[in-house]
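First comes the structure, then the notes that go with it.
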Amino acid sequence: MILGVNIDHVATLRQARLGDEPDPVMAATLAVLGGADGITLHLREDRRHVNDRDLRILREVVRVELNLEMAATDEIIAIAIDTGPDMVTIVPEKRRELTTEGGLDLKSNLNNLKESVKKLKDNQIPVSLFINPDVTDVDRAKETGADMVEIHTGPYASARGEEREAEAGKVEDAIKRALSNGLAANAGHGLDYFNVKPVASIDGLRGLYIGHSIVSRAVLVGFEKAVRHMRELIDRAG
Ligand code: PXP
């Protein structure tokens, strides 16, 4: 099972000071040392976290699967074609959202998506579509010519009790439908150390794409060490 680590939130921390640390490129190399099979970054139209420099350097240094999350706009499609990530995941993008809020609206955007998928595939870039856990949307994704889907696990992650079981069922059904349509099936969004297991055990799943929970844990497990380094510097200075 592929673990794709999303490093956007490392860039978010950097952008809090508009400086150069923490560098998402360094985070990506450490993620690979930790066992990541892939690195994901979302180059947003407003460049609120990851920027063009990050994508360029990551393309040079990342030897595992580089997955570019992107909206299907002319600008970003041109950048993807120019950079050549190992795959792209097309997501809906809204300027005001805190994070990607839902899967693609395939019904309204089918023709645009077909065109975008074709442009990317004509340039040998495999395409995944981020979709809601809905079998009809899986069928529509197949119609676009995409190679893969990523099933949105956000509703599963935020549900509780019986509702969570129902949401897990929808994720599993969507994955099964993708496989029977000949699409590779990934899943992601909102997965963390407490809820990942039931999703990771779904048969036939190709990969999981996880960001926020890993970056959050990294801040905590590294905090004590970081303070100790500063303590030592200050103590030695005096
Ligand atoms: N997959 C997609 C398509 C996403 O947009 C995101 C968030 O950027 C993720 C996975 C990772 O979600 P999270 O940060 O909640 O793990």
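Here are a few things to note about the model shown:
- With the simple spin-label model, which puts each label point 7 Å out from Cα in the Cβ direction, the residue 73 to residue 53 separation comes to 2.1 nm.
- Per residue, segment 126-238 exposes 55 Å² of solvent-accessible protein surface, assessed with a 1.4 angstrom probe and all protein chains in place.
- Contour minus Cα-Cα distance for residue 123 and residue 139 (0.36 nm per residue): 3.4 nm
- C-alpha long axis of helix 161-180 to longest principal axis of the chain, angle in °: 60 degrees
- Inter-part distance where segment 140-212 and segment 71-133 are each reduced to a Cα centre, Å: 18 Å
- Extension gain for residue 220-residue 173 works out to 13.4 nm (0.36 nm per residue, less the C-alpha to C-alpha distance).
- Residue 212 exposes around 120 Å² of accessible area when a 1.4 Å probe is run over every protein chain in place.
- In segment 81-147, GluC sites (Glu not before Pro) in a DSSP loop with at most 16 other beta-carbon atoms within 10 Å: 97, 101
- Considering segment 62-128, its Cα convex hull presents a mean projected area of 5.0 nm².
- From helices alone, the chain scores -16000 deg cm²/dmol at 222 nm; the rule is -39500 (n - 2.57) for each run of n ≥ 4 DSSP H residues, then divide by the residue total.
- Sites excluded, chymotrypsin sites (Phe, Trp or Tyr not before Pro) in DSSP loops with at most 16 other C-beta within 10 Å, longest stretch of the chain: 1-192
- Backbone phi angles across segment 83-93, fed through the Karplus curve with coefficients 6.51, -1.76 and 1.60 (θ = phi - 60°), yield HN-Hα couplings of 8, x, x, 6, 7, 10, 10, 7, 10, x, 9 Hz in residue order; Gly and Pro are listed as x.
- Farthest towards the positive end of the charge dipole of the chain, among the residues 76, 49, 196, is the Cα of 49, using unit charges on the Cβ of Lys, Arg, Asp and Glu.
- The accessible surface of the chain, taken with every protein chain in place and a 1.4 Å probe, is 53 percent carbon and sulfur.
The values are calculated or read from the model by the stated rules, or taken from the named source; none is laboratory data. As the structure is a computational prediction, the values presented were derived from the model and not from experiment. Cβ atoms come from the backbone with ideal geometry, glycine included; neighbour counts cover every protein chain shown. Remember, those area values only see protein heavy atoms, side chains included, never the ligands or the DNA or RNA. Shrake-Rupley method; radii C 1.70, N 1.55, O 1.52, S 1.80 Å.
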